[in-house]
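Visitor: Could you have a look at this structure, given as structure tokens, before my questions?
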Amino acid sequence: MGRMEIGFETPWALLLLVVIPITWWIGRRSLAGLGPWRRSLALVFRSVVLLLIVLAIAGVQWIWSSDRLTVIYLLDQSDSIPIAKRQLMLDYAIESVKKHRRTNRNDRAGLIIFGREASIELPPLDEDLPNISRPEANIGRTDATNLESALKLAQASFLEDSSKRIVILTDGNQTLGAAESTAQRLAENGIGIDVVPIRLDSNTEILVEKIDIPGFVREGQTVDARVVINRYNESGNDEPVDGRLKVVRRIGNQTEVLADAPYQLDRDTNVIPIPHKIETNAGFVYEAEFIPDDKSSDTIPQNNKATAFTYARGKGRVMLIEDANRPGEYQNLIESLRRNDLEVDARTTSTMFTSLIELQSYDAVILAGTPRTTGDESTQVVAFSDEQINMLVQSVQQFGMGIVMIGGPEAFGAGGWTNSKLEEAMPVNFAIKNNKIEAVGALAMVMHASEMERGNYWQKMIGKAALDALGPQDYCGVVQYDMSGDKWLWGEKTGMLKVGENRSAMRSKINNMTPGDMPNFDSSLSMALTSLKVVPASLKHMIVISDGDPAQATNSVLNGYVSAQIKISTVAVGTHGPAGHAELKRIANKTGGNYYVVTNPNALPRIFMREARRVAKPLVYEPEGGVTPYVQSPHEILSGLPRNLPPISGFVFTELKESPLVEVPILSPKPDEKENASILATWTYGLGRTAVVSTDAGHRWAKDWVDSGIYDQFYSQLIRWVMRPSADDGKYSIATNMKDGRVQIVVTALDSEDGFLNYLDMGAIAVGPDLKPVNVAMKQTAPGRYVGEMVPEQAGSYMLSVIPGPNKPPITTGITIPFSDEYRVRQANMRLLRQLAENQPVGGEGGLLEEPLETESIERIVEMDTYRPGLPPAKSLKDVWPFAVAIGATFFFADVFVRRVAVDLIQPIQKLASRFSGKEIREVDVQRAKSLERLRSSKSGVADDMNRQIANTTFSETVLDSESSSAKDLFNPSSPQSPSPHAPSASAPSMQPEEETSYTSRLLEAKRKAKKQP
């Protein structure tokens, strides 16, 4: 399984071990006074301390090496791999692991599948792969091959306690990422790669390559839409393919068939011209499709279609959108613009634009008093989708189109446009923050739809949709039922809070709410009525969503709403069938609200947004006697107009944005707050312009303007000011090309005299099907030639806006990518697969490239041992130098102890021996006691002699004092000749004079004997 080794981070530090023998050489002399045993022990301890310190400096480590192996199989599940091959790949992985995994080493096996993204099907485990029929992990879309992401995921999935190998099963046709560099990094980390190629089985394939048509044409011009179709046949097979070619052209919601007839593909590349005439100034989308008669001759249906688009430019073109519930209200404006040589495409909210491409054929869009949602019945409620709003904003910001919003009773904030992306593009805010303007509404909602399918999800969606339609000064409350009864979602007892700074907290509360099954209507309606009565709002409204099964509301409660002039709109969901809807209809009719029956829950957010607009009615300002607007500042739009303007009877409150780009040419004298009294406001937004006219165009409030002489001039100048700017004096030609999965944009720039325009600060922006702008860097590669590249993330139409330089109008073009590169007919990319297998991991051997996987070859390929040796073993490192430092500190104290403290090592041995022979030990103790007694006697005699010498001479006193001090420390206690300190005093007179004079010599002799003892 593994082995342990010792390693070092800085091995050169081991040279410091030379200090250990030096320490012994020095220590033998410096520690000589300790005696041989203590000196040796001290040197051993000191050597251990030095050894451990050197090991710590060298970074000593435990190294655990493992021969376990982990193999992860990567299976390509993109659309370019036939279904049969995907199952064969899975069978191979299962059989390979079963045959070669070493159970005695606890080898592991894992499985990863990939397409546009990669996902772990089975994590690495020390067991065989289970017999699964098909992968279940979610890899998202399969219209691309991202081998790089699969390799990175495999690397992150490996455990560190084993060697690592990846087995790739793919055709090698990557359409995203760069697997080559990732594989190189894997090799640098010791990870091996084996490859099993997947060969594509396409014998015959039809591919509609493109529709070739100029990007811009003129009205009345006859052009050819050339359809390019490629036919791929097996080598040696040149049989034609019969089928039907259909080509259509779309203008908005209208579809025109240009060709629909049988056609025979008798060449490898077939070019079919479709001549037709451009009869109108518009944007055209073309679509070509080839349908083979024999389905078996075409294996990838996704590449049988291609699209393209072109624009017919002429005079200025404008799209005007009005409310489908009130068609014709802006007919005066439409006729006025047409009289001024502007082409107007009048539409209603039920027939709006559907793509960004379609919008590019217009120079401006007019939202004529249009609400965001409209319609009375649930099946008739229509709304601007978030995607359509983004298309409008992108068209202004990135492509220079203009937008004009004209007022009306259901426009701006009164039309539910508050907090939308469109509001960001306008020079005014649609919500009023000024407390002096009495434009406050209050909305209460009762949620009882928990029993419908995904009920809680839809209740959260509609709650947030209604909240977003409210302004910061409006009030909002939500009643829900739980086990404790009816209660407010926020605001405690009152329940109604001003939206303003509470908006984000309210959204969070809605996201977390879990309404229960309400037993009756009275409780929630009474609670809401009590709070609505005290809220300081000029308009109050209530919405109830329910399945109708709670107990019916009493007349007394409903009469309370009628008396307070608060309407209740009800939304019936069919949880318990239509029977329960009668009560909801009664509540709405009794209070004057709207009643909706919903069969499709997708309509719920639109309904709640429309109902939330009711509380925005105070934003409509209709003062008694009207107002007469005045020109506040000159503007290009007002050129040639008189300063005295006709009166108007009303407009919609807005609030100017705090930006120096905002201009306000026309103001109303009322109200006094000028930021809320603008009649005309303009600004530049991105590459385009937007304008707001807060009154209407003559149907209700500005009737005097229609009959005045300034009407045509004012609106024609307004629309021309916001229209897409025309090209400058330069000549620019743009070409787009798709190659190797990248879109190339080539711009040739010439001046009016056909000279090259060099050193332009040129840039480009691409907007794809997801409506997300992508900046494209443009670099000059030759005189007057600028090139940029981008990688498209998905198939579809990409709008391109090229900006030649600062303050220059954008040049708009586009390119259509009919299908992903995944659907192009290609064989296995053997060059890439061979390169992956040849990467040699550091410390190991290169991988293997097997023969292509087929039903006939799977048994031979399984024989390839994917668990063979040849990879660097896995190593696990653990730093042990901290332990070396700790142990060294312990031995350091032991060294100090041995040198400073003398320990009788015989005593512990004697105590141990006493357990076995108590008598012998006692005799030894007696002898030891006698020896100590003799020592004491000798010491006492020496003291007496010293006292006598002191009495004789001063010199003797000095000598005796010095020698006495030495005798006390060094006298040998075991000498049998020492006189007893307890001898009787009468013995002193009997001592001979020679003994007294030889005291010094005896003392020196005793000193010498003491030094000789170990």
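Visitor: Can you give me the % of accessible surface on the stretch 204-313 that is carbon or sulfur? Probe 1.4 Å, all protein chains present, nothing else counted.
Guide: So the carbon and sulfur contribution to the accessible surface is 44 percent.
Visitor: What does the net charge come to around A702 if you take all other residues with beta carbon closer than 14 Å to its beta carbon, with K and R at +1 and D and E at -1? Don't skip to the end; give the middle numbers.
Guide: On the way: positive: R700, K703; negative: E329, E622, D696, D704, D707, D712.
Summing Lys/Arg as +1 and Asp/Glu as -1 gives -4.
Visitor: On to the next question. What does the charge add up to near I206, with Lys and Arg as +1, Asp and Glu as -1, over the other residues with Cβ less than 9 Å from its Cβ?
Guide: Numbers: positive: R231; negative: E205, D298.
Net of charged neighbours comes to -1.
Visitor: Next question. Please state the charge dipole magnitude for the chain, taken about the Cα centre, from unit charges on C-beta atoms (+1 on K and R, -1 on D and E), reported in debye and rounded to the nearest 20.
Guide: The dipole of the chain has a size of about 4600 debye.
Visitor: Expressed as a whole percentage, what fraction of the accessible surface of the stretch 731-823 belongs to carbon and sulfur atoms when a 1.4 Å probe is rolled over the protein heavy atoms?
Guide: Working: 2100 of 4430 Å².
Accessible surface attributable to carbon and sulfur in the stretch 731-823 totals 48 percent.
Visitor: Assigning unit charges at the beta carbon (Lys, Arg +1; Asp, Glu -1) and nothing else, what dipole magnitude in debye, to the nearest 20, does the stretch 731-823 show about its Cα centre?
Guide: Charge dipole, the stretch 731-823, about its Cα centre: 140 debye, nearest 20.
Visitor: Going toward the positive end of the dipole of the chain, with +1 on Lys and Arg Cβ and -1 on Asp and Glu Cβ, which of V747, G686, G283 do you reach last?
Guide: So the residue furthest toward the plus end is G686.
Visitor: Something else: By per-residue mean of other Cβ atoms within 10 Å, what is the highest-first order of 640-649, 548-557?
Guide: Highest to lowest by the protection proxy: 548-557, 640-649.
Visitor: Also, I was wondering about something else. Just order 672-679, 220-227, 890-897, 303-310 by mean Cβ neighbour count inside 10 Å, highest at the front, would you?
Guide: 303-310, 672-679, 220-227, 890-897
Visitor: Now for a separate question. Of V48, A466, F819, whose Cα points farthest to the positive end of the dipole of the chain (charges on the beta-carbon: +1 Lys, Arg; -1 Asp, Glu; origin at the Cα centre)?
Guide: V48
Visitor: In whole percent, how big is the carbon plus sulfur part of the accessible area of the stretch 439-533, probe 1.4 Å, protein atoms only?
Guide: 49 percent
Visitor: Looking only at the stretch 441-614, where both bridge partners belong to it, what percent of the DSSP beta bridges are antiparallel (to the nearest 5)?
Guide: 20 percent
Visitor: Keeping every protein chain present and rolling a 1.4 Å probe, give me the accessible area per residue for the chain in Å².
Guide: Values: 48210 Å² over 1014 residues.
Dividing the accessible area of the chain by its residue count gives 48 Å².
Visitor: Another one. Quickly work out the N106-to-V746 label distance, labels modelled 7 Å from Cα along the C-beta direction, and quote it in nm with one decimal.
Guide: Distance between the two pseudo-spin positions: 6.2 nm.
Visitor: Let me ask something else about it. Between (1) 32.2, 106; (2) 29.8, 106; (3) 48.5, 162, which matches Rg and Dmax of the Cα atoms in Å calculated for the structure shown?
Guide: The calculated read-out lines up with (3).
Visitor: Between E859 and Q302, how high is the FRET efficiency from 1/(1 + (r/R0)^6) when r is the Cβ-Cβ distance and R₀ = 30 Å? Nearest 0.05. Present the calculation step by step, with values, prior to reporting the outcome.
Guide: On the way: r = 33 Å, r/R0 = 1.11.
Calculated value: 0.35.
Visitor: If you don't mind, there's one more thing I want to ask. For labels at T23 and N559 in the simple 7 Å Cα→Cβ model, what's the distance in nm?
Guide: For the pair T23/N559, the computed spacing is 10.5 nm.
Visitor: Moving on to the next point. Full-extension gain between K585 and S538, please, as 0.36 nm times their residue separation minus the C-alpha to C-alpha distance.
Guide: Values: separation 47, 0.36 × 47 = 16.92 nm, distance 2.58 nm.
Computed gain between K585 and S538 is 14.3 nm.
Visitor: Let me check against my output: what whole-number percent is the relative contact order of the chain, with C-alpha pairs under 8 Å and at least 6 apart?
Guide: On the way: 2169 pairs, mean separation 138.2, N = 1014.
14 percent.
Visitor: If you don't mind, there's one more thing I want to ask. Suppose the chain between Q221 and K99 were pulled fully straight at 0.36 nm per residue; how much longer would it get relative to their current alpha carbon spacing?
Guide: Separation in residues times 0.36 nm, less the Cα-Cα distance, equals 36.9 nm.
Visitor: Just the ratio, please: alpha-carbon radius of gyration of the stretch 787-830 over 2.2 N^0.38 Å, N its number of residues. Please report the intermediate quantities before stating the final value.
Guide: Numbers: Rg = 15.3 Å, N = 44, 2.2 N^0.38 = 9.3 Å.
Against the empirical 2.2 N^0.38 Å value, I get 1.65 for the stretch 787-830.
Visitor: To continue, here is another question. Taking the Cα centre of the stretch 204-313 as the origin, how large is its charge dipole in debye, to the nearest 20, when only Lys and Arg (+1) and Asp and Glu (-1) carry charge on their Cβ atoms?
Guide: Dipole magnitude for the stretch 204-313 comes out near 680 debye.
Visitor: Can you give the % of DSSP beta bridges in the chain that are antiparallel, to the nearest 5? Don't skip to the answer; put the middle values down first.
Guide: Details: 121 of 190 bridges.
Of all bridge pairs located within the chain, approximately 65 percent are antiparallel.
Visitor: Another one. Could you give the length gained by full extension between Q840 and E424, i.e. 0.36 nm per residue of separation minus their alpha carbon distance, to one decimal place?
Guide: Gain in length upon complete extension: 144.2 nm.
Visitor: Another one. Within the stretch 446-512, which GluC sites (Glu not before Pro) sit in a loop by DSSP and count at most 13 neighbouring Cβ atoms inside 10 Å?
Guide: Sparse-neighbourhood loop GluC sites (Glu not before Pro): E453, E492.
Visitor: Based on the mean of other Cβ atoms within 10 Å per residue, sort peptides 414-427, 780-793, 343-356 so the most packed one is first.
Guide: By packing density, highest mean first, the sequence is 414-427, 343-356, 780-793.
Visitor: Then there's this: Could you tell me which of V217, P124, A178 has its Cα farthest along the dipole of the stretch 115-252 towards the positive end, charges placed at Cβ (Lys, Arg +1; Asp, Glu -1), taken about the Cα centre?
Guide: Of the candidates, V217 comes out farthest on the positive side.
Visitor: Sticking with this structure for a sec: Tally Lys and Arg at +1 and Asp and Glu at -1 over the other residues with C-beta under 15 Å from the C-beta of D486: what net charge comes out?
Guide: -2
The values are calculated or read from the model by the stated rules, or taken from the named source; none is laboratory data. None of these values were measured; they are calculated from a predicted model. As a convention, Cβ positions derive from the backbone with ideal geometry for all residues, glycine included, and neighbour counts pool all protein chains shown. Ligands, DNA and RNA are stripped out before the accessible areas are found, and what is left, the full protein with its side chains, is counted by its heavy atoms. Shrake-Rupley method; radii C 1.70, N 1.55, O 1.52, S 1.80 Å.
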